[in-house]
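The values are calculated or read from the model by the stated rules, or taken from the named source; none is laboratory data. Values in this document were obtained by computation on a predicted structure and should not be read as measured data.
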Amino acid sequence: MKNPVNMTPLDRKNLRKYLKAFPWLRNYRKILVKFYYQFRLPSSMRVSLSFLKGLVAVDSHPWLKSAVKTLIANEENVFHFQVVSELFPRAKSSKAIKVVNESCNKQINKLFRTQCGMRTIKNARMRISGLLGCPIIISPSILNNYK
């Protein structure tokens, strides 16, 4: 039940095969495709997400019921990222938004690279405390393993 934009020809072929074998899935597919296409439309042409209630039946899983209820309740926030991208066009590229703190990764990699050069405990303590910018305490169990 992928987004039609992200489907490969093999995915389309498999979907047609499954929809032929299980025709009751067609209604669910239509609802999902309608949801996916809401993201393509400008905000003035969007419809309410209440059509997602068609995914939920009385005997549906509670997580599905909760997810649909949350989507409908927070409808304006679902499409909020589109408003931000219109206001800030430079942030439109997904690569412009970083989730991982690169400075932490650089420090960890630097520590990993220099660990082989730490021959003594004094040298290790000095280098690690210098790289982290804070004093460190090396536990006695590590000292016993090091000697």
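A few notes on this one:
- Applying the criterion of at least 1 residues that are at pLDDT 85 or above to the helices (runs of 4 or more DSSP H) found wholly in region 33-90 leaves 62-73.
- Selection status of Tyr18, in a helix (DSSP H, G or I), closer than 19 Å to His80 by Cα and hydroxyl-bearing (Ser, Thr, Tyr): no
- Every condition in (1) within 25 Å of the chain's Cα centre (by Cα); (2) of a type outside the set (Asp, Glu); (3) more than 25 Å from Val78 (Cα to Cα) is met by Leu19 except one, and the failing one is (1).
- Verdict on Leu55 being over 20 Å from the mean Cα position of the chain (by Cα) and within 29 Å of Lys17 (Cα to Cα): yes
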